[in-house]
Amino acid sequence: MFHYSIDDRSKFVVCLHGSGLRLTNLDGSKLEPVMTVRNTAPGLTRVQGRIIYTRADGTTGTVEIPQKPIAAGKTQTFSLANLVTNLPPDAAYGGIELEYDTPKGTIITSVQSVSKDGDHVFQVPMFDPEKMPSSAGGFPWKADGDFTTIVYIKNETDTPRRYAAHLLRADGQYSLGEQIVKPNQTIAIDFRSLRDSQTPDGMGRLIPLDAETGQIAWSVKGGENKVLSGRSEQISLSEGVASTYSCANCCPDSFYNANIVPDWIELDFGSGGFMAPMQTDITCNQTLLGPYTVGGANWDSDNVNVVTVLGGELFTQGVGTATISTIWETCLYSYFDCIPGCEETIKYSSVAVTPLVEINGPTQANDGSSVLFSAFVGGATPTGYQWSFTTPSGAGNDPNLNFGTPTSVSTFATAKWFALPNQECPPDPNNTTAYRNSIYTVKLTVTFSNRGPITKEKSFTVNVPWGEAGKTLGNVSPGNGGPEIDQNSSGIWYVVSLGTWNLTTNPSVHMNIPTSSQFHSKMFAHEQIHVGQWAQPNGLLGSNYSNAGLFSAIQNLTDSSKDGLLAKISTAANDYLNTQDAVVRGLCNQAEGAAYNSSDSLAPQYLYQTCGRTTFSNCP
Amino acid sequence: MNRKSIFASVILCFCVACVSPEAATQQDESFTISLPQNSQVVEVTDKDVPPIFSFLLESDLVVIATAGKLTAIGLKVKRVPLEPSDRIVDMSDWMKGTVNSFQIEELLFAKDTFLSFELLSSKTLRTFETFRHFEDRKYGFLEYHRYLLFLKEIPKDDEIFAKLELDSTKTFYRAYEGATTIFPGPRDPIHGTYNVGLIDLSTGKHSELVDTIKQLCEALSPASNKERIANLKRLIRSSNEDLRKNAVYAIGYLEELERVNAFRK
């Protein structure tokens, strides 16, 4: 039996802590914290405390729980709703700390967060931080259906602490790496959210979208045990489940091995890079955790004239080599008594900074275009340049870029389309895009007096974009003026002759393909065949339009008025031209075939060829 | 703990904007569908609209019709010779264009009934007239020839009504010229493709294309969108690849159209 006087209660004793006090439900609605206290002491006890909430940005805030007197042997329930009403909207969870002024163990508490409709209740287990087990543990992770597993890690001290958390699955690990938890802060970790958002960890690993189960492991870092508490909470709205789980390991995790990634890197002068220390730990149950990225390491470069380093980021300063060293604290816990031994671990990696060599120039150009490629070299003085190109195996049509000054810092080149595959017609006549694009690899080799040459490459596409290379119009017209008409003695107007009308063709060639293209002369020759076809009187097309034919269409027209006759002449002339147009359209395939037959033999014998056709899509 | 959750899943594949109720117009790689009764417009983006369905959407009418008499059209005010003694006239002012009258044999598609969910057969158009500029010799009509035509209405504010001897109270059409072609086969790499929506049925050529167009139009002719989609689903089983492609695209289009219609209500 305890014996004490009221005067002994000079100060409160911190006795009960709880982590993961939910302040909002999964849907964001407010929850009401409720605290039930039973006083088993023989006298009055007073309970007070605080809620330390965490905002979305990781900062914390504190709300004091006013002193509550509880008579001996009594059990009382207090709503803390009024304390959290005015919290920031993004304060979703936190921790709770209670103190009482009767001897330890005389107070039994239960804390819950309850939804307003009473349907949802989230239990917060309370424990004595002085009797806390080791600050490391593991929990099952369940994320199937609408199950969510939240891990709460609470800093039980007034000093910032470090921790690492991992998700272990049969086919791989995901590590949050080393993180900092602020004084008294509660951290909530939701691996399901990280899975759904496909957030990579420090090693670039993802939690597969179909991952639903696994094991969570966490541990304090920094060689001081029993400063963090952790538990997990599994929630399923559809199943009506909100359960809490806590399992502490025998000791915090121990250092197993470490390295720097990458352990060697080559950088162009003027560029930058990143390095990261990687650490693998081992639990007291001999489970390997990691590797994961380590925070707070110190970096150094042994040659700051070549490269400097800040927090793992590399900044090139000159051409040469340097060794990067990284130092950080690692701890081992003895297996028998869990006593930590910490020391500095140092790891090295190498950096080579090479002269920067870049190719400046276009990535694509049309066939026949003149383009300029130029070299940019930084960090060293070059002694020579050599421009060259390569093409895929099997390319036809004599690929060439015709570099104007292939050993100069810059050079003009002529874009020449090549055939791949080396055949005169596109492999797929309905999709010629790939065939029309020739992809060269432009190469630049730069030589130096004090080091080996550097070769850089650039992809360069030469395109033949002209789906319609050209066309020839007949331009059939009777010209200005009109027929000669007269009025007979009966007053009837009639046609005398064609007058000034002279039905001619005046073929015109419209080339879309520019003269610089290797295909221009071939296609121009093709159009010239059409020009000949429009010639009168014997051309395949032009022969269908004649003054005799036109006169025949109008010669017998008469009308009692001059205007009436002109209207009839106009209609008859149009009718004649329409009829002959139709005849000419009927000859379109024949005309095209003849033109291709002539131009097919002209170089380059690619792309603009007959390709076995007897009908052509420009012919209706 | 028990709770019912209702998840409202709304997938918006189109955007609604208030613009003037235009007919479907192709804008690069997207279509604008509008409903004639109000100002809601749906944009459906698609890079591969099958040519026939594209021609349908861009046309006001699709018909099989026989060309009648051709009439030449001149300037409203002609510079005819003033002197009675002049015997040689300048005909250029008399020959600015041609009008052809047509007798409809079969109305295959009408955009207004299509977009307003009316029966195609409710449209009683029997004849129409086309206008073509004299210089436009890409196509022409021969009297008494039968044509399958994709027609575009010439707007009343077109300048031809002010300049030429055309009755501005009448509606004239022109053959629709597409961005691509409805005719099958690979493009001619030298001369492109023939892109006029006109098939001279008297040549006997392109019978499969004509059949494809007619089947597609027939599937779209009911008033009910549900019935149209059911018809198109039957066409998907066709061995005609062009028909299948057009039907598949048309189903997607009609589903969007139905959503817009539901939204409007």
| message | Taking the 0 to 90 degree range and rounding to the nearest ten, how far is the long axis of helix A:520-533 tilted relative to the main principal axis of chain A, both from C-alpha atoms? | response | 40
| query | What are the aspartates and glutamates whose alpha-carbon lies under 18 Å from the alpha-carbon of residue A:74, with same-chain residues fewer than 8 places away excluded? | reply | A:99, A:101
| remark: Relative contact order as a percentage, chain A, C-alpha pairs under 8 Å and 6+ apart, gives 8
| With each label point set 7 Å from Cα along the Cα-Cβ vector, what nm distance links residue B:156 and residue B:123? | 1.9
| request: Mind checking B:191-204 for the average number of partner chain beta-carbons within 10 Å of each residue's beta-carbon? | output: 4
| task | For peptide A:582-590, compute the average count of partner chain beta-carbon atoms within 10 Å of each residue's beta-carbon. | result | 2
| remark: Along principal axes, largest first, the alpha-carbon spread of chain A in whole Å comes out as 150, 78, 36
| query | Averaged across the residues of A:463-474, what count of C-beta atoms belonging to other chains lies within 10 Å of each residue's C-beta? | reply | 3
| request: Using the charge dipole of the protein assembly as shown (Lys, Arg: +1 at Cβ; Asp, Glu: -1 at Cβ; taken about the Cα centre), state which of A:474, A:403, A:576 has its Cα farthest towards the positive end. | output: A:576
| query | Dipole of the protein assembly as shown, Cα-centred, from +1 at each Lys and Arg C-beta and -1 at each Asp and Glu C-beta, to the nearest 20 debye? | reply | 1020
| said: Given an 8 Å cut-off on Cα distances and at least 6 residues of separation, report the relative contact order of segment A:261-380 as a percent. | reply: 26
| remark: When the charge dipole of segment A:19-144 is computed with +1 on Lys and Arg Cβ and -1 on Asp and Glu Cβ about the Cα centre, the Cα farthest towards its positive end, among A:23, A:35, A:118, belongs to A:35
| query | Which entries in the list A:131/A:154; B:152/B:205; A:568/B:156; B:69/B:96 go over 19 Å, if you measure between the two C-alpha atoms of each? | reply | B:152/B:205; A:568/B:156
| Taking the Cα centre of segment A:103-260 as the origin, how large is its charge dipole in debye, to the nearest 20, when only Lys and Arg (+1) and Asp and Glu (-1) carry charge on their Cβ atoms? | 520
| query | What shape does segment A:51-139 take by its C-alpha gyration tensor, where a ≥ b ≥ c are the square roots of the eigenvalues and a/c under 1.5 counts as rounded, a/b above b/c as prolate, and the rest as oblate? | reply | oblate
| remark: PRE zone check, label point 7 Å out along Cα-to-Cβ of residue A:405, amide N under 13 Å, scope segment A:413-456, hits A:413
| request: Quick one: dipole size for segment B:46-162, taken about the Cα centre, charges +1 on Lys/Arg Cβ and -1 on Asp/Glu Cβ, in debye to the nearest 20. | output: 300
| field | Mean residue ellipticity (222 nm) of chain A, computed from DSSP H runs ≥ 4 via -39,500 (n - 2.57), nearest 500 | value | -3500 deg cm²/dmol
| Can you sort A:617, B:116, B:207 so the residue with the fewest Cβ neighbours within 10 Å comes first? | B:207, B:116, A:617
| Using the alpha-carbon atoms, what tilt in degrees (0 to 90, nearest 10) does helix A:588-599 show relative to the longest principal axis of chain A? | 80
| query | So what's the angle, to the nearest 10 degrees on a 0 to 90 scale, between helix A:562-586 and the longest Cα principal axis of chain A? | reply | 70
| query | Cα centroids of segment A:357-391 and segment A:127-174: how far apart, whole angstrom? | reply | 55
| request: With a point put 7 Å past each Cα toward its Cβ, work out how far residue A:157 is from residue A:300 in nm, to one decimal. | output: 2.7
| Mind checking which lysines have their C-alpha under 27 Å from residue A:458, skipping anything on the same chain fewer than 8 residues away? | A:416, A:443
| remark: With R₀ set to 51 angstrom, the calculated FRET efficiency between the beta-carbons of residue A:535 and residue A:374, to the nearest 0.05, is 0.50
| query | Once both labels are modelled 7 Å past Cα along the beta-carbon direction, what's the residue A:506-residue A:484 spacing in nm? | reply | 2.3
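None of the figures in this text is laboratory data; all of them are computed from the coordinates on show. Values in this document were obtained by computation on a predicted structure and should not be read as measured data. Glycine also receives a Cβ, built like all others from the backbone with ideal geometry; neighbour counts cover every protein chain displayed.
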